[in-house]
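Enquirer: Below are the structure tokens for one structure; questions will follow.
The values are calculated or read from the model by the stated rules, or taken from the named source; none is laboratory data. These numbers were taken from a predicted model, which means no experiment stands behind them. Cβ coordinates were reconstructed from backbone atoms using ideal geometry, including for glycine residues, and neighbour counts include every protein chain displayed. Note: accessible area is taken over every heavy atom of the protein model, side chains too, but ligands, DNA and RNA are not part of it. Shrake-Rupley method; radii C 1.70, N 1.55, O 1.52, S 1.80 Å.
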Amino acid sequence: MPSTQLLRSDRDKIVAGVCGGIADYIGVDPVFVRLGMVLLVFASGVGLMIYPILWLILPTKANALLSFPDRVMDNLS
């Protein structure tokens with residue numbers, strides 16, 4: 001069942017859990033989201049900008065209740 005909130009995945013992650021969280025949110029296998037991200041990197045390079053931004057702004061379950069600035073600072077540490 002897809003998630004109701006877009007969160008970074010704690011259990012299905014390779015780097016930061018961004019693709020695993022997106023896959024959980026839309027209800028697909030994380031491999032497809034990862035392949036899409038790789039295609040974005042090689043096709044236009046936009047994936048190199050999107051992934052770190054999502055890494056900073058997407059919460060995990062642990063920091064989902066923090067305010068946005070606190071969440072970003074928690075994600076940086």
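Enquirer: Across the stretch 47-77, what is the number of residues that are surrounded by 11 or more Cβ atoms within 10 Å (Cβ to Cβ), over 12 Å from residue 8 (Cβ atoms), in contact with a Leu (Cβ under 9 Å, 6 or more places away or on another chain) and modelled with pLDDT under 90?
Expert: 4
Enquirer: Let me ask something else. Return yes or no: is residue 10 surrounded by fewer than 14 Cβ atoms within 10 Å (Cβ to Cβ), in contact (Cβ under 8 Å) with a residue 24 or more places away in the chain and over 9 Å from the mean Cα position of the chain (by Cα)?
Expert: Yes; evaluated as a whole, the condition is true for this residue.
Enquirer: Quick one: residue 55 ticks every box in (1) in contact (Cβ under 8 Å) with a residue 40 or more places away in the chain; (2) in contact with a Cys (Cβ under 7 Å, 6 or more places away or on another chain) bar one, so which box is it?
Expert: The one condition residue 55 does not meet is (2).
Enquirer: Looking at the stretch 60-77, which of its residues are under 20 Å from residue 24 (Cα atoms) and not aliphatic (A, V, I, L, M)?
Expert: Scanning the stretch 60-77 gives 60, 61, 63, 75.
Enquirer: Let me ask you something else. Taking the stretch 13-46, which residues are in contact with a helix residue (DSSP H, G or I) (Cβ under 6 Å, 6 or more places away or on another chain) and open to solvent by 30 Å² or more (accessible area, probe 1.4 Å)?
Expert: 13, 22, 34, 40, 41, 46
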